[in-house]
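Take a look at the structure below.
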Amino acid sequence: MAWSEHQRSMLAAMGLRVWSMPTASEPDGAVAAVLDEATPPAPATRSPAQAAAPAPVVSRRPMSAAPPQAAPVAAAGAVNAVGLDWPALREAVASCTACALSSTRTQTVFGTGHPKAHWMIVGEAPGEAEDLSGEPFVGRSGQLLDNMLRAIGLSRHGGDMPDPARQVFIANTLKCRPPRNRNPLPDELARCEGFLIRQIELVRPKIILAMGSFAVQSLLRSSAPVGQLRGRAHSYQGVPLIVTYHPAYLLRQQSEKARAWDDLCLALDTVEAASTTVARD
Ligand code: SF4
């Protein structure tokens with residue numbers, strides 16, 4: 001497929017190196033791209049004309065109309081965070097001993113970002129670097145995530161007068177690191193879920209990006225692989241939800257980075273379409 005100048009500049013901003021390989025079926029050149037987490041990209045901007053340009057997604061399915069939904073019900077045994085405000089929620093997480101991970105963590109990893117961000121990113125569980133720093137998505141996968149966000153004009157770092165529409169709030173499904181980075185256990189996910197539910201209620205995002213299979217399990221109650229669920233918009237309590245790969249996985253599977261870019265473009269289109277609908281109503 002041929003890529004427009006705008007698409008190429010967005011990909012370059014994201015740290016995607018793009019090149020073309022002519023093939024028999026695609027004489028214009030099939031695009032291969034590699035995301036480079038080590039290259040800090042320049043922030044991408046979208047003029048109205050650029051925003052109207054088609055995003056480089058091969059196939060997408062729009063979100064079907066989401067019916068109003070009742071408040072989420074936490075799994076049996078989940079911590080009770082109902083009604084907590086931000087300070088109380090932060091304190092409840094910091095002092096939580098609801099599962100065995102409390103005895104092996106260095107500290108809890110609450111989450112970070114604008115408290116009213118339009119974008120919410122839900123990851124899996126803290127790794128070693130997160131456990132030590134108390135911040136989600138640090139190290140190489142955090143660098144990659146920041147580059148991905150900057151490529152579509154988003155940031156987790158606020159500033160003096162941050163526009164919530166360009167801000168993200170990042171949280172994990174688990175707030176404590178599993179020892180030796182093993183997978184979270186179902187019981188741990190179930191117990192910690194109340195905190196994530198309350199974070200989403202407080203932020204009230206316009207869109208959620210679920211990164212990785214454990215985030216998907218918690219939010220969509222689905223054990224289907226990420227590869228089967230990505231490429232279309234789902235709904236969490238009426239909020240559009242896009243499934244995509246976890247940055248740590250993308251560091252291991254270079255070939256999936258172009259699909260992650262597709263997912264970001266789908267999220268951007270979905271949130272813009274939703275805001276257009278609201279403006280019209
Ligand atoms: S992982 Fe969640 S439920 Fe378990 S101790 Fe940490 S904060 Fe509490």
| Does V93 count as surrounded by 14 or more Cβ atoms within 10 Å (Cβ to Cβ), near the ligand (Cβ under 9 Å from one of its atoms) and modelled with pLDDT under 95? | no
| query | Using beta carbons and a limit of 9 Å, which pairs, at least six apart or on different chains, have the first residue in the range 104-117 and within 18 Å of V203 (Cβ to Cβ) and the second one within 10 Å of the ligand (Cβ to nearest atom) and aromatic (F, W, Y)? | reply | F110/F195; G111/F195
| Members of the range 74-109 that are of a type in the set (V, I, T) and farther than 26 Å from L220 by Cα | T104, T106
| note | Across the range 124-140, the tally of residues that are surrounded by fewer than 24 Cβ atoms within 10 Å (Cβ to Cβ), under 12 Å from T112 (Cβ atoms) and among the hydrophobic types (A, V, I, L, M, F, W, C) stands at 1
| From A233, A260, residue being in contact with a helix residue (DSSP H, G or I) (Cβ under 9 Å, 6 or more places away or on another chain) and assigned to a strand (DSSP E or B) | A233
| said: Which residue is surrounded by the fewest Cβ atoms within 10 Å (Cβ to Cβ), if the candidates are limited to the range 167-182 and must be more than 16 Å from I121 (Cβ to Cβ) and either of a type in the set (K, R) or at pLDDT 95 or above (or both)? | reply: R180
| Members of the range 96-130 found to be more than 9 Å from the ligand (Cβ to nearest atom) and among the basic types (K, R), listed by number | K116
| task | Could you tell me whether the range 181-198 includes any residue that is farther than 15 Å from H246 by Cβ, in the same structural domain as V122 (by TED's automatic domain parsing), of a type in the set (F, W, Y) and more than 16 Å from the ligand (Cβ to nearest atom)? | result | no
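The values are calculated or read from the model by the stated rules, or taken from the named source; none is laboratory data. Source: prediction; values computed, not measured. Cβ coordinates were reconstructed from backbone atoms using ideal geometry, including for glycine residues, and neighbour counts include every protein chain displayed.
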